[in-house]
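Inspection log for the structure reproduced underneath, given as structure tokens.
The values are calculated or read from the model by the stated rules, or taken from the named source; none is laboratory data. Here the structure is a predicted model, which means the values were calculated and not measured. Every residue, glycine among them, receives a Cβ derived from its backbone with ideal geometry; neighbour counts consider all protein chains shown.
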Amino acid sequence: MAAAIEGELRLLDPVVRASAELLASLLHPGFREIGTSGRLRTREAIVASLTADDAPRPGPLTASRMRGEHLCADLVHLTFDTESKGLRSHRSSLWRLTPRGWRLYFHQATPFDEDSPGDPFAAPLDRT
């Protein structure tokens, strides 16, 4: 789990987010994301948009309330919140173990504001 958390934190680094090579080393070939806009994007689209010359360069994202759970031997689910320049998001990521190490397979971000009640990840999941 520590390697998945480390990878997630690396992906929040503006230097990593601006490098196609570094992003490719962390994103699974089948990666998909549902971003804060609600759009589904592929690995190729994410790498292209983050590394484009005219891409917005936000400051670093600060992570909080990170939790992880092994779903099986080669799959970890991480949940956490981020904040950058006053914008906050609840985030959920699936990391898969590959022959090249842990890679981000799926990510979803949902914006929230201070009026949102409580921690959405605090309650245990219903496994029935």
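Remark: pairs (first residue in the range 75-104, assigned to a loop (DSSP other than H, G, I, E, B); second residue of a type in the set (Gly, Ala, Ser) and modelled with pLDDT of 95 or more; Cβ separation under 9 Å; 6+ apart in sequence or on different chains) = Arg100/Ser25.
Considering (1) of a type outside the set (A, V, I, L, M, F, W, C); (2) modelled with pLDDT of 95 or more; (3) on the phi > 0 side of the Ramachandran plot, the lone condition that Gly86 does not fulfil carries the number (2).
When you look at Leu27, is it at pLDDT 95 or above, surrounded by 17 or more Cβ atoms within 10 Å (Cβ to Cβ), under 27 Å from Asp113 (Cα atoms) and in contact with a strand residue (DSSP E or B) (Cβ under 6 Å, 6 or more places away or on another chain), yes or no? Against the criterion (at pLDDT 95 or above, surrounded by 17 or more Cβ atoms within 10 Å (Cβ to Cβ), under 27 Å from Asp113 (Cα atoms) and in contact with a strand residue (DSSP E or B) (Cβ under 6 Å, 6 or more places away or on another chain)), Leu27 does not qualify.
Of all residues in the range 30-48, those that are surrounded by 12 or more Cβ atoms within 10 Å (Cβ to Cβ) and either outside any loop (DSSP other than H, G, I, E, B) or of a type in the set (Gly, Ala, Ser) (or both) total 13.
Among the residues of the range 49-66, those identified as in a loop (DSSP other than H, G, I, E, B) and loosely packed, with under 12 Cβ neighbours inside 10 Å are Ala52, Asp53, Asp54, Pro56, Arg57, Pro58, Gly59.
Residue pairs whose Cβ atoms lie under 7 Å apart, separated by 6 or more positions or on different chains, with the first residue in the range 46-73 and more than 18 Å from Leu27 (Cα to Cα) and the second at pLDDT below 90 and part of a loop (DSSP other than H, G, I, E, B), are Pro58/Lys85; Gly59/Lys85; Arg65/Asp119; Arg65/Phe121; Arg67/Phe121.
Can you find, within the range 1-24, the residue that is surrounded by the fewest Cβ atoms within 10 Å (Cβ to Cβ) among those that are acidic (Asp, Glu) and part of a helix (DSSP H, G or I)? Residue satisfying both the conditions and the ranking: Glu21.
The residues on offer are Ser89, Ser84, Ser64, and the sole one that is within 17 Å of Leu9 (Cα to Cα) and out of contact with any strand residue (DSSP E or B) (no Cβ under 6 Å at 6 or more places or on another chain) is Ser84.
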